[in-house]
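One structure below.
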Amino acid sequence: MTSLLLTGIGSLVTNDPAHGGLLGELRDAAIVIEGSRFAWVGSRREAPAADGSLDLGDRAVIPGFVDSHSHLVFAGDRAEEFAARMTGEPYSAGGIRTTVAATREASDDQLTANVARLVTEMRRQGTTTVEIKSGYGLTAVDESRALAIAANFTDETTYLGAHVVPPEFADDPAGYVALVTGAMLDVAAPHAKWIDVFVERGAFDADQARAILQAGAAKGLGLRVHANQLGEGPGVQLACELGAAAADHCTHLSDADVDALASTGVVAGLLPAVEFSTRSPYPDARRLIGAGVTVALASDCNPGSCYSSSMPLCIALAVREMHMTPAEALWSATAGGAASLRRDDLGRITPGSQADLAVLDAPSYLHLPYRPGVPLVARTFVAGRPV
Ligand code: NIG
Ligand code: FE
């Protein structure tokens, strides 16, 4: 196994509490990568020798972003819907059906090319792990092919057959739940690690969602929930009752929801680029952090509610609009995302972790929210290799 010494790191965020503070930041640091893992992290003066070395020119290095929520397998876009929204139309889950129609029409090659384009876009912006959901096929064949395509890009694939009830089941939602928990689950599960349900008025209610999540769990899938996005509802409580890894959105929460997240350890995924793109109120991150809830930041990249793949944008919004500190926002976009995916090998620059990092054309991570909209990511490494 060859080793690589990285030097010229003016500021290094490790997310290792052993180095102090929330981010375990080191100055004038060095890293040794062996194969796909970090082997050594510390002060440049104490760095061991390695087979090769690379001077990063006094830049900042951070763990690669772990984007724990995206919907990348789709065709078409909904730019017109966005434009209408900006002149006052509200966001509604109904737009999902527009993308379902386009996705069913698309070839495997077209869908694959679209995912590849978006994953490339993400990597350029420092994302090293992305969770990818299905949910725009909504037939057994289309959901399983969406997941098979997603699995070519990530291990973190999520079956979202329960995104909305498709038009052909409009008069028979119970029949659709039977399909999602039966024949569709059978062909989707081999390609999926997780199952998710959009729990919302106009999508799935608590009883339907419980049945779907329990069926997924019986097939060995981990649980995630789209919860409390458009209004208060049962999503967060259900996620906590069933021991889901994540309850994402969390925009409209009762005190009982916040208490349940804090006491169960379910990770609250906040997706501020959705609120930006739908011009909606942001989730109350301070309330969650104050209660001791683990918060992840994710993009939710999808053609409807948020067509942005940018984790730096999420950080800027989290700081500017949700009053997270820059350190909290970066932690949530890296270690928080890893917690949401229950991955203890990601989201930190520590010996033994997967060697995923982003090099910033900046003296410190503070520039991520301080210089919004500026492409600061100079290089991204995934599993020890530049991408
Ligand atoms: O997370 N909320 C449900 N699903 C997506 C939106 C999908 C769409 O509008 O196409 C979301 O926001
Ligand atoms: Fe989503």
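Readers should treat all values here as calculations from the given coordinates under stated rules, not as data from a laboratory. All values reported here derive from a predicted model rather than from experimental measurement. Methodologically, a virtual Cβ is constructed for each residue, glycine included, from the backbone with ideal geometry; neighbour enumeration extends over all protein chains shown.
When each of the peptides 173-180, 153-160 is scored by the mean number of other C-beta atoms lying within 10 Å of its residues, the order from highest to lowest reads 153-160, 173-180. Label positions at Ala79 and Trp40, each projected 7 Å from the Cα along the C-beta direction, are separated by 5.2 nm. Near the amide H of His69, within less than 5 Å, lie the amide hydrogens of Glu131, Ser299, Asp300, all on another chain or at least 5 residues away, with H placed in the peptide plane.
Full extension from Asp172 to Ala49: what is 0.36 nm times the residue separation minus their Cα-Cα distance, to one decimal in nm? If you can, show how the numbers build up before the last one.
Details: separation 123, 0.36 × 123 = 44.28 nm, distance 6.58 nm.
Answer, rounded to one decimal: 37.7 nm.
Grab the Cα-Cα distance for His323 and Asp207, subtract it from 0.36 nm times how many residues apart they are, and report the gain in nm with one decimal.
That pair, His323 and Asp207, stretches by 38.3 nm at full extension.
Each listed q (0.15 Å⁻¹) maps to a log10 I(q)/I(0) for the range 67-120, found by the Debye formula over equal Cα scatterers with no solvent: -0.51.
Would you kindly state how much longer the chain becomes between Thr7 and Arg97 on full extension, computed as 0.36 nm times their sequence separation minus their alpha carbon distance, in nm to one decimal? Walk me through the numbers on the way to the answer.
Values: separation 90, 0.36 × 90 = 32.40 nm, distance 4.98 nm.
Extra length from Thr7 to Arg97 when fully extended: 27.4 nm.
With a Förster radius of 25 Å applied to the C-beta separation of Ala378 and Arg286, the computed FRET efficiency comes to 0.20.
Given contacts defined as C-alpha pairs under 8 Å and at least six residues apart, what's the relative contact order of the range 250-356, whole-number percent? If you can, show how the numbers build up before the last one.
Working: 164 pairs, mean separation 25.0, N = 107.
Here the relative contact order equals 23 percent.
Using the Cα gyration tensor of the chain, with a ≥ b ≥ c the square roots of its eigenvalues, what is the shape: rounded (a/c below 1.5), prolate (a/b larger than b/c) or oblate (neither)?
Values: a/c = 1.80, a/b = 1.62, b/c = 1.11.
Prolate shape, in that a/c is at least 1.5 and a/b is the bigger ratio.
Please list 202-215, 257-270 highest first by mean number of surrounding beta-carbon atoms within 10 Å per residue. Write out the running numbers ahead of the final one.
Numbers: 202-215: 19.2, 257-270: 22.1.
Highest to lowest by the protection proxy: 257-270, 202-215.
Neighbouring Cβ atoms within 10 Å as the yardstick, rank Leu238, Leu147 fewest first.
Details: Leu238 23, Leu147 27.
With the sparsest Cβ surroundings first, the list reads Leu238, Leu147.
In the chain, Cα pairs under 8 Å separated by at least six residues give a relative contact order of 21 percent.
Taken one residue at a time, the phi angles of the range 43-60 give Karplus couplings (6.51, -1.76, 1.60, θ = phi - 60°) of 6, 4, 5, 9, 5, x, 6, 9, 5, x, 9, 9, 8, 8, x, 6, 9, 8 Hz. Gly and Pro are set to x. A Gaussian network model of the chain, with springs between Cα atoms under 10 Å, assigns the largest mean-square fluctuation among Ala285, Ala79, Ala192 to Ala79.
So in the chain, what percent of DSSP beta bridges are antiparallel if you round to the nearest 5?
On the way: 26 of 59 bridges.
Restricted to the chain, the bridges split so that about 45 percent are antiparallel.
Measuring from label point to label point, each 7 Å out along Cα→Cβ, what is the Glu241 to Gln214 span in nm? If labels sit at Glu241 and Gln214, their model points lie 0.9 nm apart. The phi torsions of the range 281-290, fed into the Karplus equation with coefficients 6.51, -1.76 and 1.60 and a -60° offset, translate into couplings of x, 7, x, 8, 5, 5, 4, 5, 5, x Hz, rounded to whole numbers, with Gly and Pro shown as x.
Scalar couplings 3J(HN,Hα) for the range 297-309, obtained by applying the Karplus form with A = 6.51, B = -1.76, C = 1.60 to θ = phi - 60°, are 9, 9, 7, 6, 3, 7, x, x, 7, 5, 9, 10, 9 Hz; x denotes Gly and Pro. Is the C-alpha gyration tensor of the range 72-207 telling us rounded, prolate or oblate? Criteria: a/c under 1.5 is rounded; beyond that, a/b larger than b/c is prolate, otherwise oblate. Oblate, since a/c reaches 1.5 and b/c is not below a/b.
Taking a point 7 Å from the Cα of Arg342 along the Cα-to-Cβ direction, the residues of the range 188-212 with backbone N closer than 12 Å to it are 193-195.
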